[in-house]
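Everything on this sheet refers to the single structure shown next.
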Amino acid sequence: MTKVMICIAAMMIMCSMTPCESLADVDRIEVNHLSVTNTLVRVDSDRHYLLLPVQESSDDARINVLVDGNIAETIYVRLAKTKIDYTVPFDLTLYKGKHLSLDILTPQSRSSVREAKDDVCWKDLKLADSFDTDNRERFRPSYHHTPLYGWMNDPNGMFYKDGQWHLYYQYNPYGSKWQNMTWGHSVSSDLVHWTHKPLAIKPNGLGTVFSGSCVVDENNTAGFGKDAVIAMYTSAGTSQMQSLAWSTDNGTTFDIYTGSPTITLESEARDPNMFWNNKTNEWNLVLAHPLDHEMLFLSSHDLKRWTLQSSFGQGTGAQDGIWECPDIFELPVENSDEKKWVLISNINPGGPFGGSATQYFIGNFNGRKFIPDTDADGNVPTKWLDFGKDHYATVSWSNAPEDRRIVIGWMSNWQYAADVPTTQFRSANTLPRDMSLFRAADGQIYASCQPSPETLNLRGAIFSKINRSNIGKKQRSFPLPKANNGICEIVFDIDSRKAEEITITLANNSGEEVPMKYNPQKHTFSFDRTKSGIVDFSENFPATTIAPTFENEGIISIRIFIDRSSIEIFGNDGKFVMTNLIFPEKPYSTISFSSEGGNARLSDMKIYSINAQ
């Protein structure tokens, strides 16, 4: 080796060291620039992670992970070009004792290799034994589920078993924008406090891992063992197809069924949701046929071989966007002996206030075909599960005890999900919600969603309590807790009496506010976030959303959950629900009430502090 080569090798070793390391350590990162777009990075280390620098404004670099010269996996990372927004960890322990190289193709062309070498990522590749996941975001929710870092969208694959609620989700472990779809995994014993687990299902040769579902196979119908957890998900490669996996350790790790894919069609289909149908003694599955704006229904006796039975949806309901993330289940109708099936069809775009939203249909299902209920004119009405802008990909837990139907959604909107003012992570889940059915004054059956009883465990001390107060034209204000960035739960009743409209306003002393208006004549409740805080990151974010209140007496009961970047409103025992993101520069410090056209009455208001996680 020449002196020049020795110097270069020494520089490579020194670049990978921290101040406490010595040249005797084996850690080595070797960067070889092969062309203006191709770079080979060789890694020799016993460390846990290689930290990759990310710049969100960069395009994705394709990284083929080479192990002993063979491609083990392919990931996509927005490698930093001019500045580093954050780093993401690449797990080296999976390839310990192997010859590891990263064959990197950067999409940004350069005029020369010298110019390509100036990208800041090459100088800031680092080796580490740990990765800091401490919260660095002022808008990270305190009591809603979020990923430790990276991008999250659809919840999927949820099931309950042995006292644990399992929540899987669409996850990018290599950045805070959509890419590298993998099943992230968290577990909880109470639906509100979550423990993060290792990645559950990773991309393979069939493609990345899109949404799906899990069931507990109590009778070993698939042959993987009694009580095995079976997952069905979409493998998204060149085409979309449905793959099967199973777990014998309660969903911590999965083996991919070698017969995958188990469902292939001649057109795009995704997000399989399966369940055991006690009435037909077989497995049923609903599958989104997104570009045809419909859902497909299939049946099976062993979870491996499926028969297409029927379709539903073309020309029905909201049709302005693709249909995806389906769910179907039966529920009793309150105050009756009747039961009805609920078919959930998430849609993007085409929501009532722009972008993505969750629509649903009420009807009957015999294991083969879904027949929707119609209105008085013979039409199938479009119904919405949530009247905010930030409630999507809503699906339920399977195998829940006591016949509960508990749903959770992705708390964002595809219009601006990648642009919200966070970087360490993106997106949270809604609070878990117990669903039920009720018949409204118009004769139609609707779904209600109440915060799951477990959310009561979030309550701390009562910050303030108002038994009764008249509401008039002059605004009356009450303070909110200052602790934990103003997070709290507020409950109250309003009797509109002769008032034409009641305004409820959340505000801070910086002029940021959220006016909410209850109109007893129109039976509506609105939420205006146009001045709620930071709103300029997307032209689609400032908006007013409006919900029907499903009441005729001029009396409403309201529960408001305020987190650092979200507000969820549940009215009249969940008969109307509204979920909206907010990004105030300062926490809201007051809630105010006023009325127009006459006085109203506020009663039983309690403001609870919340036990921050």
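The values are calculated or read from the model by the stated rules, or taken from the named source; none is laboratory data. A quick note: this is a predicted structure, and the numbers were derived from the prediction, not measured. Don't worry about glycine lacking a Cβ; one is built from the backbone with ideal geometry, like all the others, and counts go over all protein chains shown. All accessible areas refer to the heavy atoms of the entire protein, side chains included, with ligands and DNA or RNA removed. Shrake-Rupley method; radii C 1.70, N 1.55, O 1.52, S 1.80 Å.
Carbon-plus-sulfur fraction of the accessible area of the stretch 357-516, 1.4 Å probe, in percent? In the stretch 357-516, the share of accessible area belonging to carbon and sulfur is 44 percent.
At a probe radius of 1.4 angstrom, the accessible area of the chain per residue rounds to 41 square angstrom. The length gained on full extension between E402 and K339, counted as 0.36 nm times the residue separation minus their Cα-Cα distance, comes to 21.1 nm.
Checking the table K575/K606; K465/K531; K383/K606; K498/K522; K202/K304; K383/K498 against a 25 Å threshold on Cα-Cα, which pairs fail?
Over 25 Å Cα-Cα: K465/K531; K383/K606; K383/K498.
Maximal additional length on extending the E539-H193 stretch stands at 121.1 nm, based on 0.36 nm per residue less the C-alpha distance. When the Cα gyration tensor is reduced to axis lengths a ≥ b ≥ c, the ratio a/c is 1.5 or higher for the stretch 218-275, and with a/b above b/c it is classed as prolate. The alpha carbon convex hull volume per residue for the stretch 273-366 rounds to 99 Å³.
Rounded to the nearest 10 degrees, the inclination of helix 3-15 to the longest alpha-carbon principal axis of the chain is 20 degrees. Here each label is just a point 7 Å from Cα along the line to Cβ, and for E218 and T248 those points are 2.2 nm apart.
On a per residue basis, the convex hull of the C-alpha atoms belonging to the stretch 503-609 measures out at 113 Å³.
Please work out whether the chain counts as rounded, prolate or oblate from its C-alpha gyration tensor, where a ≥ b ≥ c are the square roots of the eigenvalues and a/c under 1.5 means rounded, while otherwise a/b larger than b/c means prolate and anything else oblate?
oblate
Averaged over all directions, how much area does the convex hull of the C-alpha atoms of the stretch 191-330 cover when projected, in nm²?
Result: 9.8 nm².
The fraction of accessible area contributed by carbon and sulfur in the stretch 37-94 is 42 percent, rounded to a whole number (1.4 Å probe; ligands and nucleic acids excluded). Summary value for the stretch 411-516: 12 percent relative contact order, contacts being C-alpha pairs under 8 angstrom separated by 6+ residues.
To one decimal place, what Kirkwood hydrodynamic radius in Å is obtained for the stretch 26-102 from all pairs of distinct Cα atoms? With all distinct Cα pairs of the stretch 26-102 included, I get 13.1 Å.
At most 12 other Cβ atoms within 10 Å and a DSSP loop assignment: could you name the trypsin sites (Lys or Arg not before Pro) in the stretch 441-488 that fit?
Numbers: sites: R459, K465, R468, K473, K474, R476, K482; in loops: K473, K474, K482.
When the trypsin sites (Lys or Arg not before Pro) of the stretch 441-488 are filtered for loop state and at most 12 Cβ neighbours within 10 Å, K473, K474, K482 remain.
Structural descriptor for the chain: relative contact order 10 percent, calculated from alpha carbon pairs under 8 angstrom and at least 6 residues apart. The tail of the calculated P(r) for the stretch 424-558 beyond 23 Å holds 49 percent of all Cα-Cα pairs. Scaled to the globular estimate 2.2 N^0.38 Å, the Cα spread of the stretch 365-507, given as radius of gyration, is 1.37. Averaged over residues, the count of other Cβ atoms within 10 Å places the peptides 131-141, 116-126 in the sequence 116-126, 131-141, highest first.
With coordinates expressed along the principal axes, the C-alpha atoms belonging to the stretch 151-232 extend over 40, 34, 17 Å, beginning with the largest.
Of I610, I534, the order by accessible heavy-atom surface (1.4 Å probe, DNA, RNA and ligands excluded), from most exposed downward, is I534, I610.
Of the chymotrypsin sites (Phe, Trp or Tyr not before Pro) found in the stretch 332-400, not one falls in a DSSP loop while having at most 12 other beta-carbon atoms within 10 Å. Only helices enter the 222 nm calculation for the chain: every DSSP H run of n ≥ 4 contributes -39,500 (n - 2.57), and dividing by all residues gives -1000 deg cm²/dmol, rounded to 500.
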